[in-house]
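S.K.: Right, I'll just put the structure down here and ask away after.
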Amino acid sequence: INLSNRGLHGTIPGEIGFLPYLEVLNVSDNGLSGFLPSDLRWAPLTSLDISGNRIEGIIPPTLCAKGDLNSNGRVDDFDCDHVA
């Protein structure tokens, strides 16, 4: 789902994590705020872009440990502090 730069406001609903075919979620450059839903850990994401928003909270460890997610990590060294 690509919803980048659509003028969205509010929060990301937790239910989105239960979409069984959600591989790409791009909500970059909107006015979203609140916390990243922990239920995103259930989605089979391969790409996540939440940059350009005011989303806060903890990246679910199962999400940031995915090696190919946003090119996170180099040589199997994953850094949950820099996922965006």
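S.K.: What are the residue pairs meeting all of these: first residue in region 1-22, first residue more than 16 Å from Phe35 (Cβ to Cβ), second residue basic (Lys, Arg) and open to solvent by less than 90 Å² (accessible area, probe 1.4 Å), Cβ atoms under 6 Å, and 6 or more apart or on different chains?
M.R.: Nothing qualifies.
S.K.: Next question, about the same structure. Can you give me the number of residues within region 7-22 that are part of a loop (DSSP other than H, G, I, E, B) and either surrounded by fewer than 12 Cβ atoms within 10 Å (Cβ to Cβ) or in contact with a Lys or Arg (Cβ under 6 Å, 6 or more places away or on another chain) (or both)? Lay out the reasoning, then the answer.
M.R.: Going through region 7-22, the residues part of a loop (DSSP other than H, G, I, E, B) turn out to be 7-8, 11-13, 19-22.
Going one step further and asking which of them are either surrounded by fewer than 12 Cβ atoms within 10 Å (Cβ to Cβ) or in contact with a Lys or Arg (Cβ under 6 Å, 6 or more places away or on another chain) (or both), we end up with 7, 13, 20-21.
So the answer is 4.
S.K.: Just checking, does region 70-82 include any residue being acidic (Asp, Glu) and modelled with pLDDT of 85 or more?
M.R.: No, there is no match, as no residue in region 70-82 is acidic (Asp, Glu) and modelled with pLDDT of 85 or more.
S.K.: With the checklist (1) modelled with pLDDT of 90 or more; (2) touching a Lys or Arg at 6+ places or on another chain (Cβ under 9 Å) in hand, flag the one item Pro60 doesn't pass.
M.R.: (1)
The values are calculated or read from the model by the stated rules, or taken from the named source; none is laboratory data. Just so it is clear, the model here is predicted, and its values are computed rather than measured. Positions of Cβ are generated from backbone atoms using ideal geometry, with glycine treated the same way; all protein chains shown enter the neighbour counts. For the accessible areas, the whole protein counts, side chains as well, though only heavy atoms, and no ligand, DNA or RNA atoms are used. Shrake-Rupley method; radii C 1.70, N 1.55, O 1.52, S 1.80 Å.
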